[in-house]
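**Q** Below are the structure tokens for one structure; questions will follow.
The values are calculated or read from the model by the stated rules, or taken from the named source; none is laboratory data. As the structure is a computational prediction, the values presented were derived from the model and not from experiment. Positions of Cβ are generated from backbone atoms using ideal geometry, with glycine treated the same way; all protein chains shown enter the neighbour counts. SASA here: full protein model, heavy atoms, side chains in, ligands and nucleic acids out. Shrake-Rupley method; radii C 1.70, N 1.55, O 1.52, S 1.80 Å.
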Amino acid sequence: MRLMILLFLLLTTMCSQAQISDSSVFRQLKLFAVRVSAAPVIDGIPDEAEWKKAEPYTSFFQREPVEGAPVSEQTEVYLLYDSEALYVAALLQDSQPDSIVKRLARKDNFISSDRFGIFLDPLFDKRTGYYFGLNAAGTLYDGTLYNDDWDESNWDAVWQGKAVVHNGGWSVEMKIPFSRLRFKGGEKMVWGVNFIREIARRNEESYAVFRPKNGSGFVSRFHELHGLSNITSQKQIEVIPYITGKAEYIPSADGNPFNDGSRYTPDLGADIKWNLASGLTLNASVNPDFGQVEIDPAVINLSDGESFFNEKRPFFVEGDSYYSFGYGGSNNYWGFNFGPPEFFYSRRIGKNPAGSVPDADHYDSPVGTRILTSAKLTGQLGEKWKLGTLHALTGKEFARLNTAGVTTEAEIEPLAYYGLVRMERGINGGTGSIGFISTYTNRAFDDTRLTKEMNKSAIGLGIDGWTYLDEDKVWVFTGWTGVSRIGGEKERITAVQRNFIHYLQRPDASHLGVDSSATSLSGFAGRYMVNKQKGNFTFNAQVGFVDPRFDVADMGFMFRGDIINKHVVSGYRWTEPGEYIRSANINFAYFSNHDFGWVKNSEGIMNMGNMTFMNYYGINWNMSYNPQTYNKTRTRGGPLSINDASYSLNLFGWSDSRKDFVYEGGGGTYWTAKSRSIFTSLWLQWSPAPNVSMTLAPEMEWNNDPYMYVTAVSDPLASGTYGRRYIFAELEQRTFSAGIRINWTFTPTLSLQAYIQPLASAGKYTNYKELQLSGTNEHLVYGQGGSTFDQESFIADPDGGGPAPQIELWNNDFNYISLRGNAVMRWEYLPGSVLYLVWTQSRQDFTEIPDFRMGRSISSIFNDRPENIFMLKFTYWMDY
């Protein structure tokens, strides 16, 4: 505690807390767009006579590096419009034009460069909007704004933008079609508008109006844009048909009748976008293909839970903020040892087939489920409601089987429907909102075998909302509550009750229990939070809960059930530069988890913070202490054991992002009286040319786990653990991985991206043992205390020659090596029309020799036969 007080006093001394006194910095102004009859030519040089009709906007203020100071270089912005589009011109003067940073990148790739952009709030709801921008090299950026403070770059529109660098600086012209925006037409219209200019060499970020560093709200601060009249968001239809050709070269076992080492597959489909009305957009996809997306990284998951992978498929990524549930209002959502359930996890749609494959000499099964069709409707419904609804139909999938020369097939994934409706509306003049979400999954089984392996149906329902608690909008309350119900055969629902999410079979939990006659399972969950939105002092407190029987995993993502989580976190942030430190913050937190039987499963106190120095280098850290608590999941459905008291410390640093060579790195450690884990990571980026960047991100982890779960066996003599023996081992694991990326942008419309991930992980299991008494960490190590263990056969006898039966274990040691990556050439040969060339390769190897020798492991992977997939995808954008 003395160390924390000293750190707080040191930061207070080294950082300034001067406040912005000029009220004009935050004054909201009225800007005007001028209607013209002749559209300007979009060539980056605003020399047409039409631009002289508009009044220039010149009032820009810095957010970085000196908050509230005027922009360091003269900046002028002009706005015109006609019945088709909004036109934007910017004259960006620069006293050192040869120092303008012009880094070329693929669309929406935010690299350090001089940049200009416009933000629009066409609905004038002061919470949502769009942004459009480009950098000095001509790279385009666009995306959406939501929740007043947040943005996402997943939304893509077809629009025009050009930039030209000249002796006096650089200039920009944009054409933003009204058909790309959602708004309400009228005689006299008012939009929200804002601008940004970034001067990379100075790390300068200037706006027409900005959000204070210690404040909240961005869209709500926009200036008013007047002058627009008698324009409409046209009912435009975009159609993007595609054709693909795929060649797969996958090694096969001898005699496999389904794979001769090569496979060639043509395909076709189409994406459709239809602006139905002024506030709604329909996106539909028939037989969608996502072969151009980056391959998922390999992971080593030795836990009982599921790995979470981010969505990368464009159809599901674009506009995903419309489906965001439970995250409105607050500008900060802390979480400590609590993964809130996600009602919608789009990677469930098109996932790997979940049914088991019957035994056969050879089999062939698809790696994903084909999406027959999908559609989503997003936008504004009427005056108040924001709507996001998505529906998808996935087809049956079959595994082909061959035994003794006879070929058959077995269904491994049924026809399935996935549906989602999300609606939200503002209340009290935009100072709050209410909303709901509904998800539904239904499967049509033809093979009754699958009814024991998958749920027949699943429903999730939730309501959420938020409101400011005071007139100054300093404090906000936000929360959500949801219910779920899954249905299926008795065998299936029994299995769900016993899986890692629920563990209802825990023998020492009186509030739990498995109902083997149940054909459905229902539960509830929720989360409520109070957050301080503004000011240098920060505060956040929340309570979240997930009922033991709550389950939205059919269409969402679940971490755990049976949790009551709470935390309190408070801190201070320094936002004004001092003598040595540009900005800093420090926070302190207390958190804990209980189950619904009020057994404490985790608890801790944590300190975390960061500081940026005057040279734009910086560090961040966190440290925690976790006292002894009970562990409810280590025995994977068995009785409680003990979480030993633990400590953790992590420290990271970073360099100035303006440089051609940028690095981040650090490490951390976690330790108890019986174990220690250490990790270190490094992130290096080198830009040898303005259009080339290379990234290397190696990671190394040394993990020691004295309680790695192995198995559980029934034995009535194990009275201390309810008639089952829960067996563990000490695991020594070493893991190395690296992410290697190369981005080479030839022009704003032609680029090459490559990603490679080597992974090597080795683990050795020793000291096999069993839990002797529920609710403790008392273990019997096999080979001690009268027990025996054969190191060759892995046969353990808990009482030597006593009545307890022998336990047949196995060698759990492993050495896994993987190398995977892909390269994507993207050419936008016409606006919205793209040609992709894709190469994906995977290699992997597995042995039971746990020696970790990184160099030998990585080099040996090249001796394995790779899986190669080549794909050509041709899309053509049509606008009606």
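**Q** Roughly what angle does helix 2-14 make with the longest principal axis of the chain, taking Cα atoms, 0 to 90 degrees, to the nearest 10?
**A** 10
**Q** List the lysines whose Cα lies under 20 Å from the Cα of residue 764, skipping any in the same chain that are fewer than 8 positions away.
**A** Here the lysines satisfying the reach criterion relative to residue 764 are 674.
**Q** Could you give me D for region 493-568, from Stokes-Einstein at 10 °C and 1.306 mPa s, where the hydrodynamic radius is the Kirkwood radius over C-alpha pairs? Units µm² s⁻¹, please.
**A** Working: Rh = 14.2 Å.
Value of D from the Cα-based Kirkwood radius: 112 µm²/s.
**Q** Okay, moving on. In region 446-493, which GluC sites (Glu not before Pro) are in a loop and have at most 14 other Cβ atoms within 10 Å, using DSSP for the loop call?
**A** Passing both the DSSP loop test and the Cβ count: 471.
**Q** While we're here: By what distance, in whole Å, do the Cα atoms of region 216-321 stretch along each of the three principal axes, largest value first?
**A** Result, largest extent first: 73, 38, 18 Å.
**Q** A further question follows. For region 421-528, what is the per residue volume of the convex hull drawn over the alpha-carbon atoms, in cubic angstrom? Intermediate results must be reported in sequence, preceding the final value.
**A** Details: hull volume 12.6 nm³, N = 108.
Output value, Cα hull per residue: 117 Å³.
**Q** Over all pairs of distinct alpha carbons, what does the Kirkwood formula give as the hydrodynamic radius of region 299-451, in Å?
**A** Roughly 18.5 Å, rounded to one decimal.
**Q** Dividing the alpha-carbon Rg of region 604-729 by 2.2 N^0.38 Å yields what? Intermediate results must be reported in sequence, preceding the final value.
**A** On the way: Rg = 21.6 Å, N = 126, 2.2 N^0.38 = 13.8 Å.
Normalised by 2.2 N^0.38 Å, the Cα Rg of region 604-729 equals 1.56.
**Q** Write down the accessible area per residue of region 712-758 in Å², having rolled a 1.4 Å probe over the full set of protein chains.
**A** With all protein chains present, region 712-758 gives 43 Å² per residue.
**Q** Among 25, 692, what's the order by accessible area (1.4 angstrom probe), most exposed first?
**A** I get 692, 25, largest accessible area first.
**Q** How are the C-alpha pair distances of the chain spread across 20 Å bins, as whole percents from the shortest bin up?
**A** 12, 42, 37, 9, 1, 0
**Q** What is the ratio of the Cα radius of gyration of region 336-399 to 2.2 N^0.38 Å, with N the residue count, to two decimals?
**A** Relative to the 2.2 N^0.38 Å estimate, region 336-399 comes out at 1.68.
**Q** Just to make sure I understand: if all protein chains stay in place, what is the order of 594, 391 by accessible area at 1.4 Å, largest first?
**A** 391, 594
**Q** Let me ask another. Scan region 560-663 for trypsin sites (Lys or Arg not before Pro) in coil per DSSP, keeping those whose Cβ has at most 15 other Cβ atoms within 10 Å, and list them by number. Please report the intermediate quantities before stating the final value.
**A** Details: sites: 560, 566, 573, 582, 600, 632, 634, 636, 658, 659; in loops: 560, 632, 634, 636, 658, 659.
Counting only loop positions with at most 15 other Cβ atoms within 10 Å, the trypsin sites (Lys or Arg not before Pro) in region 560-663 are 658, 659.
**Q** Give the relative contact order (percent, whole number) for the chain; include only Cα pairs under 8 Å separated by 6+ residues.
**A** It rounds to 9 percent for the chain.
**Q** I've got another one for you. How much accessible surface area, in Å² rounded to 10, belongs to the heavy atoms of residue 421 with a 1.4 Å probe?
**A** 50
**Q** Return the loop-located trypsin sites (Lys or Arg not before Pro) in region 199-277 (DSSP other than H, G, I, E, B) with at most 13 other Cβ atoms within 10 Å of their own Cβ; answer none if there are none.
**A** Listed in order of number, the matching sites are 235.
**Q** Which of 351/873; 246/396; 102/162; 566/600 have a Cα-Cα distance over 18 Å?
**A** Going by Cα-Cα distance, 351/873; 246/396 fall outside the 18 Å limit.
**Q** Give me the number: length gained by fully extending residue 99 to residue 385, i.e. 0.36 nm times residue separation minus the C-alpha to C-alpha distance, one decimal in nm. Each step should come with its number before you reach the end.
**A** Details: separation 286, 0.36 × 286 = 102.96 nm, distance 4.75 nm.
That works out to 98.2 nm of additional length.
**Q** If you take the square roots of the eigenvalues of the alpha-carbon gyration tensor of region 735-829 and sort them as a ≥ b ≥ c, do you get rounded (a/c under 1.5), prolate (a/b over b/c) or oblate?
**A** prolate
**Q** With Cβ to Cβ distances under 9 Å as the rule, what net charge do the other residues near residue 523 carry (K, R +1; D, E -1)?
**A** Summing Lys and Arg as +1 and Asp and Glu as -1 gives 0.
**Q** How compact is region 420-484 by the rule of thumb for globular proteins, expressed as Cα Rg over 2.2 N^0.38 Å?
**A** Normalised Cα radius of gyration, region 420-484: 1.73.
**Q** Excluding same-chain residues fewer than 8 positions from residue 188, which lysines have a Cα within less than 29 Å of its Cα?
**A** Result set, ordered by chain and number: 30, 52, 53, 126, 175, 235, 273, 384, 386.
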